Structures are given as C-alpha cells and as structure tokens.
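Engineer: The following block contains the structure, expressed as structure tokens.
The values are calculated or read from the model by the stated rules, or taken from the named source; none is laboratory data. The structure presented is a predicted model; accordingly, all values stated were derived computationally and were not measured. Note that each Cβ is placed from the backbone with ideal geometry, even for glycine, and that neighbours are counted across all protein chains shown.
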Amino acid sequence: MSNSVIVMYLGRVAEAGPKNPVYGSPRHPYTNALLSAAPGGRPRGGGDPAAHHPDRRRALADQPARGLPVHPRCPKAQELCGQEIPPLEAKTGDPHTHVTACHFPVQEGEVLARAGRTAGRQQR
C-alpha cells in the first residue's frame, strides 16, 4: 500500500498527492472518471451516493486524439485546454501536496456529465 497517488494520462501527471485528498476529492476530470469506474468505488468529494452505479459512472469519450492530452475526451474541456498545457499545481482549497494539472478542475459536489462519442470533438 501507498500513502501517495499519482494519476497519469498519456505520459503526463494529471493529479498527484496523498491518497486521502486525491481519492476523497479528485480534482482532475480524468481522475474523477477513473475513480467512478472502480468496482464499488466512487469519488467521495462530489456527486451522489449512487455514483458508482454503472449508469451513473463518469465517462470520457471513447477515443483520445493522437498526441494530445485528455482535453478531447474531457466533459469540462474548453478552448484553452487544447492550446495550453496546464501547470501541475495545488488548486484553491487543496493542500499544497495535492496537485492537479487542469485549467478547470472538478469542484466539490460537482457531478460530471456522461460524455458521448462526439463530446470531445464538439468541444475542441
């Protein structure tokens, strides 16, 4: 077992920190989607208790774009996400040891919508 967690996407750190803050309040949409897909697991920081049900899991679009970060698959992506790689840093309200590389991190209580096959293409 480990006390620290690092979540990577396509070779880049998306989120890192002590396990309790990362599991308890995942800030990167990719971390949020991963945790919602774990059997019996769900992000504790946001959403309703039924979030672990298969129909309520947060999803990313099916295919990542070649050579690009997670933004084509992310339900929170905005134009900035395709233009600039966000710095890996602590977000407001997070301990300095919990860092996230996301321009628009998941907020406490926020439930990400299930992304469709074309969601990433529409948000580029």
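Engineer: What's the number of the only condition in (1) over 16 Å from VAL99 (Cβ atoms); (2) modelled with pLDDT under 65; (3) surrounded by fewer than 21 Cβ atoms within 10 Å (Cβ to Cβ) that GLY45 fails to meet?
Structural biologist: Among (1) over 16 Å from VAL99 (Cβ atoms); (2) modelled with pLDDT under 65; (3) surrounded by fewer than 21 Cβ atoms within 10 Å (Cβ to Cβ), the lone unmet condition for GLY45 is (1).
Engineer: Then there is this: For segment 78-90, does any single residue satisfy the condition of being farther than 17 Å from TYR30 by Cβ, hydrophobic (A, V, I, L, M, F, W, C) and either surrounded by fewer than 11 Cβ atoms within 10 Å (Cβ to Cβ) or at pLDDT 90 or above (or both)?
Structural biologist: The answer is yes; a qualifying residue exists.
Engineer: Here is a follow-up. Give the residues of segment 14-29 that are surrounded by fewer than 23 Cβ atoms within 10 Å (Cβ to Cβ) and part of a helix (DSSP H, G or I), sorted by residue number.
Structural biologist: LYS19, ASN20, PRO21, TYR23, GLY24
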